[in-house]
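Take a look at the structure set out below.
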Amino acid sequence: MDRDIVQKAKTVEISRRSFLKKSAIITSGAMLSCDELFAQSSTKVLKLHNVHLNKTFYAPFFEKNYYKLSGLFEVNKALVDYRAKEITRIDVKLINLLYEIKQHIGHDVEFNVLSGYRTKRTNDMLRRKSEGVAKNSYHIKGMAVDINVPHVSLRKLRDIAIGLQKGGVGYYPRHGFVHVDVGPVRSWRRG
């Protein structure tokens with residue numbers, strides 16, 4: 001008989017906990033706008049066109065409050081070091097930064113990727129050819145990408161990235177791209 005009472009008490013406690021948890025979620029939800037609730041539960045997707053591979057990667061990388069490994073892997077493939085034919089794990093902060101830039105531009109944005117991950121060997125080779133390549137580039141760490149967006153001015157792209165204050169922003173109008181990284185906040189212009 002005592003066992004029955006203990007079991008009922010546990011059932012009531014679990015139900016009470018469940019009720020309190022759901023109430024807290026509903027109450028906190030009431031403080032958020034509909035847009036904020038939708039943003040928290042929506043799928044985050046990037047479309048990345050690697051210009052050297054002439055291939056577009058569709059990467060749904062976040063859904064139902066979890067990162068999706070398949071989407072993250074698509075980003076890794078899109079930002080491949082095409083010279084060395086090697087990929088690395090791209091920093092999730094960079095992926096989220098690209099998503100934030102996309103949100104400021106519009107929902108159907110496709111980034112052109114000119115340079116993503118670079119092996120140290122590729123970076124050293126590029127340094128010998130150009131003075132604008134950093135020895136310890138964030139590209140080597142999977143924390144940087146050089147991009148442009150069709151039908152969006154480089155100036156607008158640069159201004160959005162600078163406004164977000166999430167890392168470095170390099171403006172390369174003569175070469176047709178904006179560099180973004182998730183290192184320290186800073187900006188520069190070349191060409």
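Details
- Entry remark, region 111-163: residues being hydroxyl-bearing (Ser, Thr, Tyr) and closer than 17 Å to Lys85 by Cβ number 4 in total.
- Given (1) among the small types (Gly, Ala, Ser); (2) over 21 Å from Lys47 (Cα atoms); (3) more than 19 Å from the chain's Cα centre (by Cα), number of the condition Ser153 does not satisfy: (2)
- Annotation: Glu131 fulfils all but one of (1) touching a Gly at 6+ places or on another chain (Cβ under 6 Å); (2) more than 23 Å from Leu53 (Cβ to Cβ); (3) assigned to a loop (DSSP other than H, G, I, E, B); the unmet one is (1).
- Verdict on Ser137 being touching a residue at least 24 places away in the same chain (Cβ under 8 Å), among the polar types (S, T, N, Q), surrounded by 17 or more Cβ atoms within 10 Å (Cβ to Cβ) and in the same structural domain as Glu86 (by TED's automatic domain parsing): no
- Among the residues of region 135-191, those identified as among the polar types (S, T, N, Q) and part of a strand (DSSP E or B) are Asn148, Ser187.
- Condition check for Tyr99: outside any helix (DSSP H, G or I), among the hydroxyl-bearing types (Ser, Thr, Tyr) and modelled with pLDDT of 95 or more: no
- Number of residues in region 50-96 that are within 25 Å of Asn123 (Cα to Cα), within 15 Å of the chain's Cα centre (by Cα) and not in a loop (DSSP other than H, G, I, E, B) equals 13.
The values are calculated or read from the model by the stated rules, or taken from the named source; none is laboratory data. Everything numeric in this text was worked out from a predicted model, so none of it was measured. Cβ coordinates were reconstructed from backbone atoms using ideal geometry, including for glycine residues, and neighbour counts include every protein chain displayed.
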